[in-house]
Amino acid sequence: MAEDLTISEGTKAEQYLSILSQIKGLIDGEPDLTANLANIAAALKEQFGWFWVGFYLVRKDELVLGPFQGPVACTRIRLGRGVCGTSWQEKKVLIVPDVEKFPGHIACSSLSKSEIVVPIIRDNEVVGVLDVDANEYDQFDETDSQNLRAIVDLIHF
Ligand code: SME
């Protein structure tokens, strides 16, 4: 397994291409979920410099904070609450260009300005979400959605 990350420059798509293959290398052959989520969060934070990158995992009727990189965050989110709980409920990627305009957004930090949440779906059920926050407005688009979905598809739950 590769333990050094090579930070790529270039377009966002090029950066994703580079990080996707490195994430494959990081988690290939490693069965431990916590280890893999931790390394994915770290790799994405290092490559893109986002404000917060991390996972919430479905535990009974709540999302519970999992491995992440960034400032401390709220621990539990109920179904349908905030961007994460809405992504879970609707089973779809949510791109929020301005978090203050998202009804019910859960502000873990006032520095977070835009957000993308990608549900992780196995056997048609959401098992967790990948949440990414940026400290600038309008930082996420379809390129992020496609590539982050490809990344969460690599994870063995
Ligand atoms: N903003 C999220 C909560 C999680 S933090 O951003 C890390 C939400 O509204 O669900």
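The values are calculated or read from the model by the stated rules, or taken from the named source; none is laboratory data. In this text the structure is predicted, and so the values were computed from the model without any measurement. Note that each Cβ is placed from the backbone with ideal geometry, even for glycine, and that neighbours are counted across all protein chains shown. All accessible areas refer to the heavy atoms of the entire protein, side chains included, with ligands and DNA or RNA removed. Shrake-Rupley method; radii C 1.70, N 1.55, O 1.52, S 1.80 Å.
Residue-by-condition table, conditions (1) within 14 Å of the chain's Cα centre (by Cα); (2) more than 16 Å from the ligand (Cβ to nearest atom); (3) in a helix (DSSP H, G or I):
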site: I116; (1), (2), (3): yes, no, no
site: I121; (1), (2), (3): yes, yes, no
site: G128; (1), (2), (3): yes, no, no
site: D133; (1), (2), (3): yes, no, no
site: E136; (1), (2), (3): no, no, no
site: S145; (1), (2), (3): yes, yes, yes
site: I151; (1), (2), (3): yes, yes, yes
site: I155; (1), (2), (3): yes, yes, no
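May I ask you to list the residues in region 97-114 that are under 17 Å from V64 (Cα atoms) and either of a type outside the set (A, V, I, L, M, F, W, C) or away from the ligand (no atom under 11 Å from the Cβ) (or both)? Give the derivation first.
To start, the set of residues in region 97-114 that are under 17 Å from V64 (Cα atoms) comprises 105-108.
The one that is under 17 Å from V64 (Cα atoms) and either of a type outside the set (A, V, I, L, M, F, W, C) or away from the ligand (no atom under 11 Å from the Cβ) (or both): H105.
Can you tell me which of C84, C74 is under 17 Å from R149 (Cα atoms), of a type outside the set (D, E), within 16 Å of the chain's Cα centre (by Cα) and within 9 Å of the ligand (Cβ to nearest atom)? Steps first, answer last, please.
Numbers: C74 fails: under 17 Å from R149 (Cα atoms).
Checking each option against the conditions leaves just C84.
Out of the residues in region 24-41 that are over 20 Å from R122 (Cα atoms) and touching a helix residue (DSSP H, G or I) at 6+ places or on another chain (Cβ under 9 Å), state the one that is least open to solvent (accessible area, probe 1.4 Å).
Looking only at region 24-41, we keep the residues that are over 20 Å from R122 (Cα atoms), and these are 25-26, 39.
With touching a helix residue (DSSP H, G or I) at 6+ places or on another chain (Cβ under 9 Å) added as a condition, the list becomes 26, 39.
Values: L26: 19, N39: 56 Å².
It comes out as L26.
Just for region 42-55: of the residues that are part of a helix (DSSP H, G or I) and open to solvent by less than 30 Å² (accessible area, probe 1.4 Å), which one is nearest to the ligand (Cβ to nearest atom)?
Our first condition is that a residue be part of a helix (DSSP H, G or I); within region 42-55, this holds for 42-48.
Next cut, open to solvent by less than 30 Å² (accessible area, probe 1.4 Å) only: 42-44, 47.
On the way: A42: 16, A43: 18, L44: 14, Q47: 19 Å.
Result: L44.
Tell me yes or no: at least one residue of region 10-22 is outside any helix (DSSP H, G or I), more than 13 Å from the ligand (Cβ to nearest atom) and at pLDDT below 95. Break it down into steps so the answer makes sense when it comes.
Pass one, region 10-22, residues outside any helix (DSSP H, G or I): 10-11.
Next, only the ones that are more than 13 Å from the ligand (Cβ to nearest atom) stay: 10-11.
Subset that is at pLDDT below 95: 10.
Yes, the conditions are met somewhere in region 10-22.
Given the conditions (1) out of contact with any helix residue (DSSP H, G or I) (no Cβ under 8 Å at 6 or more places or on another chain); (2) touching a residue at least 24 places away in the same chain (Cβ under 8 Å); (3) open to solvent by 40 Å² or more (accessible area, probe 1.4 Å), report the number of the one that L5 does not fulfil.
(1)
Of all residues in region 56-107, count the ones that are open to solvent by 40 Å² or more (accessible area, probe 1.4 Å), assigned to a strand (DSSP E or B) and more than 21 Å from L33 (Cβ to Cβ).
Of the residues in that region, 2 qualify.
Would you call L94 farther than 17 Å from K45 by Cα, free of Cβ contacts under 8 Å to residues at least 40 places away in the same chain and near the ligand (Cβ under 10 Å from one of its atoms)?
Numbers: farther than 17 Å from K45 by Cα: yes; free of Cβ contacts under 8 Å to residues at least 40 places away in the same chain: yes; near the ligand (Cβ under 10 Å from one of its atoms): yes.
Yes.
Taking only pairs six or more apart or across chains, which ones have beta-carbon atoms under 6 Å, a first residue in region 136-149 that is on the phi > 0 side of the Ramachandran plot, and a second residue that is assigned to a loop (DSSP other than H, G, I, E, B)?
D138/P97
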